[in-house]
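There's a structure below that I have some questions on.
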Amino acid sequence: MKGMKRGRFLLVLVVIAGAGIMCAVDAFAGPLPRVRILAMGGTIAGVAASPTETKDYTPGSLDVSSMLKSVPGLDKVARISGEQVANIDSSHMTNELLLKLANRVNELFLSDSVDGIVITHGTDTLEETAYFLNLTVKSDRPVVLVGSMRPATAVSADGPLNLYNAVVLASHNGARGRGVLVTLNERIHPARDVTKTNTTSVDTFRSPDFGCLGYILDGRPSFYRITTKRHTGSSEFDAGKLKELPRVDIIYGHGNGSRDLVDSAVRAGARGIVIAGAGNGGIFPLEKEALIDGTKEGVVVVRASRTGSGIVTQAEEYSRYGFIVSNDLNPQKARILLMLALTKTSRPGQIQRMFDEY
């Protein structure tokens, strides 16, 4: 560990001298950190018919070894190993894969075989996987999720630099204890706050209310803030004890809503429902009526907002029925937390405490 710190001090001096990334990484003293790449597929492993095609492509086409070959200089940053956990379009992500990935991360850290982990992942559900790991990984060592918005075959592919930066971040002592991280487009984001905000732009990932944690420029991470919510080692959730996750559905609120979708979710066996309400979690009367009926059957209801940012606050017209507020979690992350919360309790007061703390 002392060697790693000494190496990074030399790194700063070389960068200031203007030598560039490749010379800087050669300045590491002592053994390089061990970083495992867990590949899940996605656009970063995608292939298109031509180098100028950036939107019509097949995600999850390349394996982990092929991706690593496209990134020069990784062997100067860390001792890299890789494994293929899945190779899918991330819109196909399942609860089973969430548990499999969390358990694999914990196995690697428990065996003390790695110093950091990078997970390559499709961007559509990357934020959900990152938040799930933020709640279930039991180590303070770096876990970094990374993806790309353009396929690996594109003339302007963003995946190689994103992956290089992810390995740099996973190798960096300053990334320890900060929870699960996400990096794309040279920004460092906390898993809890980050979300995809644009369908196609390479600058799509943002942390709306509080901003990113920092940046990675020329192979050097810089942090400017920390997240204060509970995560990783301080979390009460244990993926290793779970064989499955309870069903939680998200219902998108809108004007002139009906109760049909709520009733269908309850009949289908949902143990929890997240309502993506209007504004500050407002719910159309017929939907509200159906949700109240659902609570009488043991369904836990969480009010979130479809607005994309801001805190959903308590209101007597909802709290009297045991409705929980999502705090500032968006609907998709509220679903992740509610699934895990329901593995511990179905009491609204206890679940509200979790939404306040995580």
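The values are calculated or read from the model by the stated rules, or taken from the named source; none is laboratory data. Keep in mind it's a predicted model, so treat the numbers as computed, not measured. Because the Cβ atoms are built from the backbone with ideal geometry, glycine has one as well, and the counts that use them run over all protein chains shown.
Pairs, please: C-beta under 6 Å, at least 6 apart or cross-chain, first residue surrounded by 24 or more Cβ atoms within 10 Å (Cβ to Cβ) and in the stretch 37-49, second in a helix (DSSP H, G or I)?
Once the first residue is surrounded by 24 or more Cβ atoms within 10 Å (Cβ to Cβ) and sits in the stretch 37-49, its partners that are in a helix (DSSP H, G or I) give 37/64; 39/64; 42/90; 44/159; 45/67.
List every residue pair whose Cβ atoms sit under 6 Å apart, with the two residues 6 or more apart in sequence or on different chains, where the first one lies in the stretch 101-126 and is in the same structural domain as residue 147 (by TED's automatic domain parsing) and without any contact (Cβ under 8 Å) to a residue 24 or more places away in the chain and the second, anywhere, is outside any loop (DSSP other than H, G, I, E, B) and β-branched (Val, Ile, Thr).
none
Out of the residues in the stretch 292-329 meeting the condition of being within 18 Å of the chain's Cα centre (by Cα) and surrounded by 24 or more Cβ atoms within 10 Å (Cβ to Cβ), tell me which one is farthest from residue 231 (Cα to Cα).
Looking at the filtered set, the residue picked out is 326.
Given the criterion out of contact with any Cys (no Cβ under 6 Å at 6 or more places or on another chain), in contact (Cβ under 8 Å) with a residue 12 or more places away in the chain, buried (at least 20 other Cβ atoms within 10 Å of the Cβ) and within 18 Å of residue 37 (Cβ to Cβ), identify the matching residue among 136, 183, 195. Please lay out each step first, then the result.
Working: 136 fails: within 18 Å of residue 37 (Cβ to Cβ); 195 fails: within 18 Å of residue 37 (Cβ to Cβ).
Residue meeting the stated conditions: 183.
Residue by residue, here is whether (1) of a type in the set (A, V, I, L, M, F, W, C); (2) closer than 29 Å to residue 51 by Cα; (3) in a loop (DSSP other than H, G, I, E, B) holds:
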position	(1), (2), (3)
72	no, yes, yes
82	no, yes, no
101	yes, no, no
105	yes, no, no
117	yes, no, no
133	yes, no, no
140	no, no, yes
157	yes, yes, yes
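Can we say residue 165 is assigned by TED's automatic domain parsing to the domain that holds residue 205, touching a strand residue (DSSP E or B) at 6+ places or on another chain (Cβ under 8 Å), surrounded by fewer than 22 Cβ atoms within 10 Å (Cβ to Cβ) and closer than 23 Å to residue 225 by Cβ?
In short, no.
Turning to a different aspect of this structure: So which residues in the stretch 248-301 are in a strand (DSSP E or B), out of contact with any Phe, Trp or Tyr (no Cβ under 6 Å at 6 or more places or on another chain) and among the hydrophobic types (A, V, I, L, M, F, W, C), if there are any at all?
248, 250, 251, 273, 274, 275, 278, 300
List pairs: first in the stretch 140-154 and under 14 Å from residue 191 (Cβ atoms), second of a type in the set (A, V, I, L, M) and assigned to a loop (DSSP other than H, G, I, E, B), Cβ under 6 Å, 6+ apart or cross-chain?
From the stretch 140-154, the pairs are 143/137; 143/180.
Could you give every pair whose Cβ atoms fall below 7 Å, whose first residue belongs to the stretch 70-92 and is assigned by TED's automatic domain parsing to the domain that holds residue 169 and at positive phi, and whose second residue is in a helix (DSSP H, G or I) and β-branched (Val, Ile, Thr), counting only separations of at least 6 or pairs across chains?
Close Cβ pairs satisfying both conditions: 73/21; 73/25.
Restricting to the stretch 198-222, name every residue that is of a type in the set (S, T, N, Q) and either in the same structural domain as residue 333 (by TED's automatic domain parsing) or in contact (Cβ under 8 Å) with a residue 24 or more places away in the chain (or both). Talk me through it step by step, then tell me what you get.
Here is the first cut: in the stretch 198-222, the residues of a type in the set (S, T, N, Q) are 198-201, 204, 207, 222.
Correct list: 200, 201, 204.
Can you pull out the residues in the stretch 204-226 that are part of a loop (DSSP other than H, G, I, E, B), within 19 Å of the chain's Cα centre (by Cα) and surrounded by fewer than 19 Cβ atoms within 10 Å (Cβ to Cβ)?
At the first step, the residues of the stretch 204-226 found to be part of a loop (DSSP other than H, G, I, E, B) are 204, 207-213, 218-219, 224-226.
Next, only the ones that are within 19 Å of the chain's Cα centre (by Cα) stay: 204, 207-213, 225-226.
Selection gives 204, 208, 209, 210, 211, 225, 226.
Looking at (1) of a type outside the set (A, V, I, L, M); (2) within 26 Å of residue 309 (Cα to Cα); (3) at pLDDT 95 or above, which is the only condition residue 227 fails?
(3)
In addition: I want to confirm something. Restricting to the stretch 330-358 and keeping residues that are touching a Lys or Arg at 6+ places or on another chain (Cβ under 6 Å) and part of a helix (DSSP H, G or I), which single residue is surrounded by the fewest Cβ atoms within 10 Å (Cβ to Cβ)? I'd like the intermediate steps shown before the answer.
Applying the first criterion (touching a Lys or Arg at 6+ places or on another chain (Cβ under 6 Å)) to the stretch 330-358 yields 342, 357-358.
Then keep just the ones that are part of a helix (DSSP H, G or I); that gives 342, 357.
Numbers: 342: 17, 357: 12.
Restricting to residues being touching a Lys or Arg at 6+ places or on another chain (Cβ under 6 Å) and part of a helix (DSSP H, G or I), the top hit is 357.
Additional query: Which numbered condition in (1) in a loop (DSSP other than H, G, I, E, B); (2) among the β-branched types (Val, Ile, Thr); (3) assigned by TED's automatic domain parsing to the domain that holds residue 72 is the only one that residue 307 fails?
Of the numbered conditions (1) in a loop (DSSP other than H, G, I, E, B); (2) among the β-branched types (Val, Ile, Thr); (3) assigned by TED's automatic domain parsing to the domain that holds residue 72, the odd one out for residue 307 is (3).
If you don't mind, there's one more thing I want to ask. List every residue pair whose Cβ atoms sit under 9 Å apart, with the two residues 6 or more apart in sequence or on different chains, where the first one lies in the stretch 277-290 and is in contact (Cβ under 8 Å) with a residue 40 or more places away in the chain and the second, anywhere, is outside any strand (DSSP E or B) and of a type in the set (Phe, Trp, Tyr).
From residues that are in contact (Cβ under 8 Å) with a residue 40 or more places away in the chain, the pairs are 281/318; 281/323.
Looking at this structure, is residue 262 touching a residue at least 24 places away in the same chain (Cβ under 8 Å) and more than 27 Å from the chain's Cα centre (by Cα)? Outline the logic, then answer.
Details: touching a residue at least 24 places away in the same chain (Cβ under 8 Å): yes; more than 27 Å from the chain's Cα centre (by Cα): yes.
Judged against the criteria, residue 262 is a match.
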